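First comes the structure, then the notes that go with it.
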């Protein structure tokens, strides 16, 4: 659904840009006082260029990717419940597990994006609403874990077996998860 909306939006932007063409201005030349002949020159209007149709870019359909480990971790995100007692520590634990997965996964960025989309397609409306609120807390926790107090936050969350400190690939995977959820 998001991809269809993106294609429609791109097509409407292209059509609106094509409709806003630059119009040429006509310039009249008046005779100079020093010129002997008193002819008036009438400019001929330049022919308007025929607009060539711009091909509409087609967004490539990504193949559906199912990653059971990622699906299990994304299911855990549903237990965060933002606003409940201890949710920030649960979010930090979920973020740590997702970052660990991000360091070890062989999926490309596009495959992570597609796998998240496949997971979201399995959720009902109520679970999707809860998941999107929860993943935002988990995403924020991932950046808190990257900071100087990350190790202390892990300890407070009761996470002792993580691959901390994580590399850039882990945080890139988290970014792709957020893109797949529509957060970015």
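A few remarks follow.
- Contact order normalised by residue count of the range 68-180, Cα under 8 Å, 6+ apart, percent: 44 percent
- Cα gyration tensor shape for the range 68-180, rounded if a/c is under 1.5, else prolate or oblate: oblate
- Packing rank of 160-168, 115-123, where each peptide gets the mean count of other beta carbons within 10 Å, highest leading: 115-123, 160-168
- Förster-model FRET efficiency, 22 Å R0, residue 66 and residue 133, C-beta, rounded to 0.05: 0.35
- Stretched out straight at 0.36 nm per residue, the stretch from residue 104 to residue 155 would grow longer than its current Cα-Cα span by 16.2 nm.
Where a number appears in this text, it was derived from the coordinates with a stated rule and is not lab data. Keep in mind that this is a model prediction, so the values were computed, not measured. Backbone-built Cβ (ideal geometry, glycine too); neighbour counts: all protein chains shown.
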